[in-house]
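J.: Next up is a structure, given as structure tokens.
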Amino acid sequence: MEKIDLANDLSVSRIGLGTWAIGGWMWGGTNVREAIETIRGAVDRGVTLIDTAPVYGFGRSEEIVGEALAKGDLRRRAHIATKAGLNWLEPGSDPYRDSRPERIRREIEDSLRRLRTDYIDLYQIHWPDPETPIEETARVLGELYREGKIRAVGVSNFSPAQMDDFRQEAPLHIVQSPYNLFERGIEEDVLPYADRTGLVVLCYGALCRGLLSGGIRADRIFAGDDLRKSDPKFQPDRLPHYLAAVEELKRLARERYGKSVLVLAVRWALDKGPNVALWGARRPDQLNPLEEIGGWTIDEEGMADIDAILRRHVPIPIGPEFMAPPLRHLADA
């Protein structure tokens, strides 16, 4: 398993297990037994970074991660990344941005309890909160870092200008952003900024909510609270274009590299810079492709062919903006 340094002596796997789906909310529920087996199986296969957040199932994902890593020496072998800065009126209600220092102080204590640990390896602000000065938010994370409650500091969904403001008051080690073959907006700003400032990029949604797994069909029905019901890419007028791109990517992956499109998609994210790809497996068998991701890279010709496929089938791509939570005053209203 390839590794990368986040901060000081904190070295993590370049593939991380994302646990939004494991929390169940917006993913049609969860199977706790399978989720625990998946987390433990990932660590056994060399995935040391487990990324979670309080809002993933309104605490459920963190609880599952805590239970999974409480066995034997798993907590010592794993690195937990969690987040702060989203609030909700009651479980199941739409979360909203809230990065007030007093809120973060409460959140980290709740996260530590749910995760069954006394420190967090990577603590991130989930979304920028325009109603709270970034400097105030950064200051409290700097305090938590100096207190030893967190080992590294990160932000998620921040722009370069917002990260500049944040760094005035606290160290910053990573930025977590949406990045995959179909959602490449950060190539214009965040990726160059990270390269210039030495930040590691955690790419969330590496499989674009399953689109790049190769298993989505045009007749797939998304039920319940599944967030893909509101994702423009999964609507009838656009899904066929994305699926056509996936079919051609499948052929390229198989004929050129002897790999699946899933493996190609994760490798692509890793080859785009000193990045970590977050992958939301929910069952132990979904971890099987891990063995094929390392030990090779996509050559220059392959990268050009991938770009040509995307231009051909998805000339006007749709970004992940639909996932952005509302501001605090809108939620209060």
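J.: Which of the residues spanning segment 163-187 are within 19 Å of the chain's Cα centre (by Cα) and open to solvent by 50 Å² or more (accessible area, probe 1.4 Å)?
T.: Result: Arg184, Gly185, Glu187.
J.: Hey, can you tell me all the residues within segment 1-55 that are among the polar types (S, T, N, Q), farther than 15 Å from Arg76 by Cβ and surrounded by fewer than 17 Cβ atoms within 10 Å (Cβ to Cβ)?
T.: Asn8, Asn31
J.: Examine segment 260-269 for a residue that is surrounded by fewer than 14 Cβ atoms within 10 Å (Cβ to Cβ) and among the β-branched types (Val, Ile, Thr), and state whether such a residue exists.
T.: no
J.: Based on what the data block shows, is Arg217 among the basic types (Lys, Arg) and closer than 20 Å to Asp121 by Cα?
T.: So Arg217 does not fit the description; no.
J.: Quick one: what pairs do we get from segment 253-276, first residue closer than 14 Å to Leu290 by Cα and modelled with pLDDT of 95 or more, second open to solvent by 50 Å² or more (accessible area, probe 1.4 Å) and of a type in the set (Val, Ile, Thr), C-beta under 8 Å, 6+ apart or different chains?
T.: Within 8 Å, the pairs are Arg267/Thr297.
J.: Another question, then. Taking Gly224, is it in contact (Cβ under 8 Å) with a residue 24 or more places away in the chain, more than 29 Å from Asp5 (Cβ to Cβ) and touching a Gly at 6+ places or on another chain (Cβ under 6 Å)?
T.: Spelling it out, Gly224 is indeed in contact (Cβ under 8 Å) with a residue 24 or more places away in the chain, more than 29 Å from Asp5 (Cβ to Cβ) and touching a Gly at 6+ places or on another chain (Cβ under 6 Å).
J.: Name every residue in segment 262-297 that is in a helix (DSSP H, G or I), small (Gly, Ala, Ser) and closer than 23 Å to Gly198 by Cβ, in order of residue number.
T.: Filtering segment 262-297 for residues in a helix (DSSP H, G or I) gives 262-271, 284-287, 290-293.
Now restrict to residues that are small (Gly, Ala, Ser): 265, 269.
Across segment 262-297, the qualifying residue is only Ala269.
J.: Right, next: Counting just the residues of segment 227-259 that are outside any helix (DSSP H, G or I) and of a type in the set (Asp, Glu), which one comes out surrounded by the most Cβ atoms within 10 Å (Cβ to Cβ)?
T.: So in segment 227-259, the residues outside any helix (DSSP H, G or I) come out as 230-231, 235-238, 258-259.
Subset that is of a type in the set (Asp, Glu): 231, 237.
Values: Asp231: 19, Asp237: 7.
The selected residue is Asp231.
J.: In segment 62-117, which residue that is in contact (Cβ under 8 Å) with a residue 12 or more places away in the chain and of a type in the set (Asp, Glu) is surrounded by the fewest Cβ atoms within 10 Å (Cβ to Cβ)?
T.: Looking at residues that are in contact (Cβ under 8 Å) with a residue 12 or more places away in the chain and of a type in the set (Asp, Glu), I get Asp94.
The values are calculated or read from the model by the stated rules, or taken from the named source; none is laboratory data. Quick caveat: nothing in here was measured; it's all calculated off a predicted structure. Every residue, glycine among them, receives a Cβ derived from its backbone with ideal geometry; neighbour counts consider all protein chains shown. What goes into the accessible areas is simple: the full protein's heavy atoms, side chains included, and nothing from ligands, DNA or RNA. Shrake-Rupley method; radii C 1.70, N 1.55, O 1.52, S 1.80 Å.
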